[in-house]
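Trainee: Below: one structure in C-alpha cells.
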Amino acid sequence: MQDYKANLTLPGRARSVHYKSPVYYVLLVLIAAILFSRLMLSTKAQKQQVAQTADSQQNKESDVYRKLLPELSAAQKKNFEQEMASLKLIAEKFQPAITAAQKKLGFDPEAMNAELLAITKDTDRARRMQRQKAFEAKYEPQVIKLTQAAGIDVAAQRRQMISLLDLKNTPVDDGRTLGIVIGDDQRQVPMPAVTPMPRPEVTPTPGPESTPTPTPPEPDVIERSYTAPYSYTSTGGAEVERRATSSANASTGDMIIDVSALGAMSLYKEASISQTIPVERGIHRIHVSVTLDPFMYAIGGAGVGYGSSEAVVALRITEGSRAERIFCSDRESLGRIIWAVVGYGVTQQWRPITLQCEFTQPVSETTNYYSLVAEIEGWAGAGGFAAASSTQAAHIRQFQVSLDRR
C-alpha cells in the first residue's frame, strides 16, 4: 500500500509532512481550532446584534412613553397647583398672628420638618410606626398651643379648608390641627373571576381506527400571566438632586420613588414598568390586572406655612410601541395630606394593591401589540417653613391578562 503525503508549509521553512506524523495531526487540530473560533465569534456577534436590536426597540418604547408623561400628568398637575394656591392664601391670612405666636413660644418648625422627613424615609416598618407615634405625641400639643396663641379657631378653619378644596365627600381624619389626612379608604375592588366557557362534549363515533379524532374548538377565554423580567421601564418628573428620585428595574419588577419638598417648591416624580404583549385576531374583549405585592407608601407634611403630598398608583394599557393611544386605565390616589398655617400629618400603608381595566380590541386582520404599564407617582409641595414628602416602593408580582373571544 502506498503512503500519501500532505504538503503543508510550516513557519520558517517548507517541507513535506507524512500523514502519520504527529506534526500532521497537530496541524489539523490547530486548523480546526481556528475555524471553530471564527464560528463562535460569528455566532456571538449575531447574538449581540439581536440583543442590541431588542435593547434599541425597548429604549424606543421607553422614550415614547416618557414623552407622553407630561400629557398624562397635566390634569393632576393643574389640580395640584390650584390646591397649593388655595392653601397659600389661607397661610398668608394668618401669617402675622402665627409668626408672633411662634416667637413668643419659641417654636422651631425646622426641627419639626427634619424629624418628619426622617420618618418618611425610614425603611424599617416597625421602627417607622414607633417614630410616627412619638412624633405625634411630641408635636401635636405644641401645634395646638401655637394655634391657640395665634387666636385661630382650628375647627372653623378645617371646615373652611374642606369646603375650599372641595373635600366634602372625601373621607378625612378628625384631627385637632390644621393638618388634614385624606387617608386610604382601603378601596380594593375584588378581581372578577373570569371563568372560561366549558368546551362542548365530543362523543366518539364508532368506526374504523383510521377515523380522526375531532379537534376541540379553541377556548372562549385565554388566561395569560406575565412575571419578571418585563419589557422596559420609564422614569419621569422633576430632576432635583436628593429631593426627587425614582428608579425602575425591569429584571426584578421593583420600582421606587422618593420626593421631598422643602420650602417653596412643588415636585412630582414617576416610575413605571411595562410589558409588551401580542394579541391575535379574533379576540374581542381584553381584561388586564396588575398586582403590586409587596407595596408600601408613606406621605407626610409639617411646618409653619402650607403644603400638600400625595401617593398615586396607576395601570394603563397603551398601543404597543407607539403609546399614542390609551385603551383603558385604572388610577387610584392612595392618600393625601394637606395643611395650612401650621400643622402636620403623616400616614403610611403596607399592603398589596391590585389595579384592573378592560377594553374592546379594535377589529384587525393581524396581531395587535399592547403595552401594559404599571406606574407609581409621588407629589409633594410646600411653602414657608414647611416640608412635604411622598415615598413609595413597589414590586410587580404579575400582570394577568384575560382574552375573551365572545
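Trainee: With 13 Å as the cut-off, how large is the P(r) tail for region 249-294, expressed as percent of Cα-Cα pairs?
Mentor: Of all Cα-Cα distances in region 249-294, 74 percent exceed 13 Å.
Trainee: Debye sum, Cα scatterers, region 325-372, no solvent: what log₁₀ I/I(0) at q = 0.26, 0.29 1/Å?
Mentor: Rounded to two decimals, the profile gives -1.11, -1.23.
Trainee: Sticking with this structure for a sec: For region 281-406, evaluate the Debye formula with one uniform point scatterer on each Cα (no solvent term) and list log10 I(q)/I(0) at q = 0.10, 0.13, 0.14, 0.15 Å⁻¹, rounded to two decimals.
Mentor: Calculated log10 I(q)/I(0) at the listed q: -0.43, -0.63, -0.69, -0.74.
Trainee: Now for a different question. Rounded to the nearest Å, what's the spacing between the alpha carbon centres of region 369-394 and region 281-316? Just the number, please.
Mentor: 8
Trainee: Would you please give the FRET efficiency between Ala155 and Thr360, computed as 1/(1 + (r/R0)^6) with r the Cβ-Cβ distance and R0 = 45 Å, to the nearest 0.05?
Mentor: The value I calculate is 0.35.
Trainee: How big is the charge dipole of region 60-172 about its Cα centre, in debye rounded to the nearest 20, if each Lys and Arg gets +1 on its Cβ and each Asp and Glu gets -1 on its Cβ?
Mentor: Roughly 160 debye for region 60-172.
Trainee: Using the Kirkwood formula on the Cα atoms of region 91-138, what hydrodynamic radius do you get, in angstrom to one decimal?
Mentor: Value: 12.5 Å, from the Cα pair sum.
Trainee: Another one. About its Cα centre, what dipole magnitude does region 252-345 give when the only charges are +1 on Lys and Arg Cβ and -1 on Asp and Glu Cβ, stated in debye to the nearest 20?
Mentor: Value, rounded to 20: 260 debye.
Trainee: Another question, then. Positive end of the charge dipole of region 272-406 (Lys, Arg +1 and Asp, Glu -1 on Cβ, about the Cα centre): tell me which of Phe295, Ile338, Tyr306 has its Cα farthest that way.
Mentor: Positive-most Cα among the choices belongs to Phe295.
Trainee: Suppose every Lys and Arg Cβ carries +1 and every Asp and Glu Cβ carries -1, with no other charges. What dipole size does region 68-119 come out with about its Cα centre, to the nearest 20 debye?
Mentor: It comes to approximately 240 debye.
Quick note: the coordinates plus some simple rules give every number you see, no bench work behind them. The shown structure was predicted, so the numbers you read here are calculated from the model rather than taken from an experiment. Ideal geometry is used to build each Cβ from the backbone, glycine not excepted, and the neighbour counts take in all protein chains shown.
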